[in-house]
Amino acid sequence: AVDDISFSIPKGQIVGLLGPNGAGKTTTMRMITGFLEMSCGSIKIEGTEISCDTVLAKSKIGYMAESAPMYSDMIVEDYLKYLCQIYNKNPKEKILELCELCSLKEAMHKNIGDLSRGYKQRVGLAHALINDPEILILDEPINGLDPEGIVEMRKLLKRLNEEQGITILISSHILGELSKLASRYGVINDGRLVEEFTNKE
């Protein structure tokens, strides 16, 4: 699925992976996050080899899959409380922070299954942020959003990057959206990294 892809992401940057469906973007992200085991090669998170210290490497990462798995019959606030228990976070402080950060105030007392695609993505992003990651890895976060939702997601990601210094790796098959977010992006096709660009190019 992936053939000799090699790249690095400087701390504090937003970097994109661009390519058609089936190009290898999701596989690459799953290997970076430790969800898939590599058959060869290495992945380092701030110098830590994932295969050598999986727990330490994963503790630095927040990951949102394209179809983020969530309990659709849970109220958003209860879902976030549940996550706080898993990650040993203070629910009062963390939920208030995430509610503000991800603009979830209007959705806090609704069932996740009743939310629009845009709000579900915000809940998924809150999940990815709950462990205070230094790196966010987002697989097609704007896929399926309406124009207003795309603008809101773009603003939110820029805010996370600029105000909190979070490094972001984002995948998309839409060049126009990546160019508005990423300072640099690589083009993946047939499992290979075929080209890299800076936003100025």
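The values are calculated or read from the model by the stated rules, or taken from the named source; none is laboratory data. These numbers were taken from a predicted model, which means no experiment stands behind them. All Cβ positions, even for glycine, are placed from backbone atoms using ideal geometry, and neighbour counts span all protein chains on display. Surface areas here come from the heavy atoms of the whole protein model, side chains and all, with no ligands, DNA or RNA. Shrake-Rupley method; radii C 1.70, N 1.55, O 1.52, S 1.80 Å.
Some observations on this one:
- Its alpha carbons give segment 1-64 an Rg and a Dmax of 11.8, 32 Å.
- For segment 56-76 and segment 79-130, distance of Cα centres in Å: 10
- Share of carbon and sulfur in the accessible heavy-atom surface of segment 152-201 [1.4 Å probe, %]: 44
- Cross-link partners for LYS89 among the lysines, with Cα-Cα distance under 16 Å and sequence neighbours closer than 8 places in the same chain left out: LYS60, LYS81.
- All Cα pairs of segment 13-99, percent lying beyond 15 Å: 70
- Centre-to-centre, using Cα atoms only, segment 1-32 and segment 138-201 are separated by 11 Å.
- Potential lengthening of the chain between SER183 and LYS105 amounts to 25.0 nm, from the contour at 0.36 nm per residue minus the alpha-carbon distance.
- Report summary: the helix-based calculation at 222 nm, which adds -39500 (n - 2.57) for every DSSP H run with n ≥ 4 and divides by the residues of the chain, gives -11000 deg cm²/dmol.
- Computed magnitude of the charge dipole of segment 1-120 (debye, nearest 20; Cβ of K, R +1, Cβ of D, E -1): 200
- A full extension of the chain between SER8 and SER39 corresponds to an added length of 9.2 nm, given 0.36 nm per residue minus the alpha carbon distance.
- Protein accessible area in segment 3-90, 1.4 Å probe - carbon and sulfur %: 48
- Going through (i) 24, 22, 17; (ii) 27, 20, 15; (iii) 31, 23, 19, the figure that equals semi-axes √(5λ) of the Cα gyration tensor in Å as computed for the structure here is (ii).
- Out-of-range pairs (alpha-carbon distance over 28 Å; input LYS58/LYS92; LYS44/LYS120; LYS44/LYS92): LYS44/LYS120; LYS44/LYS92
- Solvent-accessible surface of segment 34-130, taken per residue with a 1.4 Å probe and all protein chains present: 59 Å².
- With all pairs of different C-alpha atoms in the average, the Kirkwood value for the hydrodynamic radius of segment 126-200 is 13.3 Å.
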